[in-house]
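Student: Provided herewith is a single structure, encoded as structure tokens, for subsequent inquiry.
The values are calculated or read from the model by the stated rules, or taken from the named source; none is laboratory data. Being a predicted model, the structure only gives us computed values, none of them experimental. Cβ placement follows ideal geometry from the backbone for every residue including glycine, while neighbour counts extend to all protein chains displayed. We work out accessible area using only protein heavy atoms, side chains counted, and drop any ligands, DNA or RNA first. Shrake-Rupley method; radii C 1.70, N 1.55, O 1.52, S 1.80 Å.
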Amino acid sequence: LNSPKTILRTPILARWTRAYASTRSFEGGDLARKSTKLEKKLVVVGGGAAGFMAAIEAARASKDGSLSVCILEATSKVLSKVKISGGGRCNVMHDDRKDIREITEGYPRGKKPLIGLLNRFGPAQTRKWFNTEGVRLKTEKDGRMFPISDSSQTIIDALTNAARQHNIQIRTGTKVESIEQDEKGKFHVECKISSRNSPSQDTVNPVMCCDYVILSPGSYRPAYEWARRLGHPIEAPVPSLFTFDTKTTPSLLGLAGVSVQDAVATLSVSQCADDVKREGGKAKVKRSKFVQRGPILITHKGLSGPAILRLSAFAARELHHTRYTGDLTINWVAETGISSVEEARRALEAARDSNRAKQVSTFCPLGLPKRLWGVLVAESGAEDKKWSEMSKKELNKLTDLLLSHKIPVTGKGAYKDEFVTCGGVSLKSLNPKTMQSKHVPGLFFAGEILDVDGITGGYNFQSAWSTGWHAGHTVGDMSSAEED
């Protein structure tokens, strides 16, 4: 590895020391507290869920006085994703009563290596961890777990209080610019401090020297370059967990707010033109199919809801290649148990025979929302007809719309609607039991920067807690062992 850049010269380090000699961290701990002779230093890059779990566990696993821990957060507030998760309630994790292998089915990427991680620190251990911190969790019908307070602040308080108890320094407004390792194995972390956090103009680019680094900066793009420069393969990051735009289906645009609680959505995605292999002079197009069942919400731009978000996660790479276009087919009546054309036709024929004088558009025998039913009837051509006047062609068309409503996907929701990134540091470059780099001793990874991502329902926080726990625990043990 290259030796540190000229930014690591002693004068800058001296200015950093003077500037911070009388300051305190955002939460607790004196930044200028005296180090013991054998004290090791850990810098955690990123003040999110994974970063806090890693920092807390590193401090706990180390012997008293053997490890100094500091969290660096680029923004003005820590745990911002925790704050907004679950509509402000914080979906901490998924059902701890489920088998680990069943839990890992919720991860489009990273499923296999997560099995071992979750067996050592999974949902059951996570629940116990938060219970020890005074947080009681509840499990809802769909498996999502929340604090009984229904407030994300409960989780934030638990994490920040634990950090304070272990004298973990937390510095907000501190953006990491680069990370280098010298020939002695020490890390040099160059920072840029926002003006309101900087007590002196001389502290524009302070450099921190430490023994260990845990990278947990979420999907912060420069972090991928740091990892790559240090020898780690990167799976190209692309959006995951986003909504679908369906602008070419105008009939849906007037249904914003309408939801169906149990529908089956099937997404078919063609391979992009650049990837098509030509055989015998003809283009051979590969199509990938993805199926999810669950609630679907119609929005003012398209479709959302758990079933759609899960589709976007499992098809994240394929959709990226096709510039977020595909063919979506929805079975709106999955809740009725109807799964075949024959069953649906018989149900509609029975409704016609027993409700002949009623308007088709105002009487739905299958429990769909009235507005959605009205749109489907209009598309079938029977909008102004009574059931007795409905032709065979119209009945067949309505049957097809109920079971196989074809909706072209024309794009994805805006960036602000995306919750997770697909891709990141390849797990093959890490020790699967410790989250330590195979290329750089003392460097660890946790959270969203990894090529691990889950569906909605608490899966992504679970991977953050688990990878953070393993990374932190390993650092704490290493610092103690080195002291001995």
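Student: Can you tell me which residue is surrounded by the fewest Cβ atoms within 10 Å (Cβ to Cβ) among those in region 333-347 that are assigned to a loop (DSSP other than H, G, I, E, B) and either in contact with an Asp or Glu (Cβ under 7 Å, 6 or more places away or on another chain) or among the hydroxyl-bearing types (Ser, Thr, Tyr) (or both)?
Tutor: Of the residues in region 333-347, the ones assigned to a loop (DSSP other than H, G, I, E, B) are 333, 337-340.
Remaining after also requiring either in contact with an Asp or Glu (Cβ under 7 Å, 6 or more places away or on another chain) or among the hydroxyl-bearing types (Ser, Thr, Tyr) (or both): 339-340.
Details: 339: 13, 340: 10.
Ranking the qualifying residues of region 333-347, first place goes to 340.
Student: Take the residues of region 160-171 that are open to solvent by 10 Å² or more (accessible area, probe 1.4 Å) and part of a loop (DSSP other than H, G, I, E, B): which is farthest from residue 58 (Cα to Cα)?
Tutor: That would be 167.
Student: Do the conditions hold for residue 255, that is, is it modelled with pLDDT of 95 or more, more than 28 Å from residue 425 (Cβ to Cβ) and not in a strand (DSSP E or B)?
Tutor: Taking the combined requirement at face value, the residue satisfies it.
Student: Conditions: (1) of a type in the set (A, V, I, L, M, F, W, C); (2) under 24 Å from residue 245 (Cα atoms); (3) open to solvent by less than 10 Å² (accessible area, probe 1.4 Å). Residue 444 meets all but one. Number of the miss?
Tutor: (2)
Student: Additional query: If I go through region 298-309 residue by residue, how many of them are closer than 16 Å to residue 455 by Cβ and open to solvent by 40 Å² or more (accessible area, probe 1.4 Å)?
Tutor: 1
Student: Checking the condition open to solvent by 60 Å² or more (accessible area, probe 1.4 Å) and assigned to a loop (DSSP other than H, G, I, E, B), which residue from 142, 96 passes?
Tutor: One residue alone meets the criteria, 142.
Student: Out of (1) modelled with pLDDT of 95 or more; (2) open to solvent by 60 Å² or more (accessible area, probe 1.4 Å); (3) part of a loop (DSSP other than H, G, I, E, B), the odd one out for residue 153 is which?
Tutor: (3)
Student: How about region 95-124: which of its residues are in contact (Cβ under 8 Å) with a residue 40 or more places away in the chain and over 18 Å from residue 450 (Cβ atoms)?
Tutor: 95, 96, 97, 98, 123
Student: One residue is enough: does region 105-118 have a residue meeting the conditions loosely packed, with under 15 Cβ neighbours inside 10 Å and in contact with an Asp or Glu (Cβ under 9 Å, 6 or more places away or on another chain)?
Tutor: No, there is no match, as no residue in region 105-118 is loosely packed, with under 15 Cβ neighbours inside 10 Å and in contact with an Asp or Glu (Cβ under 9 Å, 6 or more places away or on another chain).
Student: Another question, then. Just to be sure I understand, how many residues within region 348-363 are out of contact with any Leu (no Cβ under 9 Å at 6 or more places or on another chain), surrounded by 12 or more Cβ atoms within 10 Å (Cβ to Cβ) and either of a type in the set (D, E, K, R) or assigned to a loop (DSSP other than H, G, I, E, B) (or both)?
Tutor: 4
Student: Using the structure shown, decide if residue 225 is among the acidic types (Asp, Glu), open to solvent by 10 Å² or more (accessible area, probe 1.4 Å) and part of a strand (DSSP E or B).
Tutor: So residue 225 does not fit the description; no.
Student: With closer than 23 Å to residue 343 by Cβ, at pLDDT 95 or above and open to solvent by 10 Å² or more (accessible area, probe 1.4 Å) as the only criterion, which of 406, 386, 433 stands out?
Tutor: Unique residue meeting the criteria: 406.
Student: So which of 468, 458 ends up being in contact with a Lys or Arg (Cβ under 6 Å, 6 or more places away or on another chain), more than 13 Å from residue 212 (Cβ to Cβ) and in contact (Cβ under 8 Å) with a residue 40 or more places away in the chain?
Tutor: Result of the check over 468, 458: 458.
Student: Turning to a different aspect of this structure: Exactly one condition in (1) touching a residue at least 60 places away in the same chain (Cβ under 8 Å); (2) open to solvent by 50 Å² or more (accessible area, probe 1.4 Å); (3) in a loop (DSSP other than H, G, I, E, B); (4) not β-branched (Val, Ile, Thr) is false for residue 368; which is it?
Tutor: Here residue 368 meets the rest and fails (2).
Student: Please specify each residue of region 109-139 satisfying the condition of being within 15 Å of residue 98 (Cα to Cα) and not in a helix (DSSP H, G or I).
Tutor: 121, 122, 138, 139
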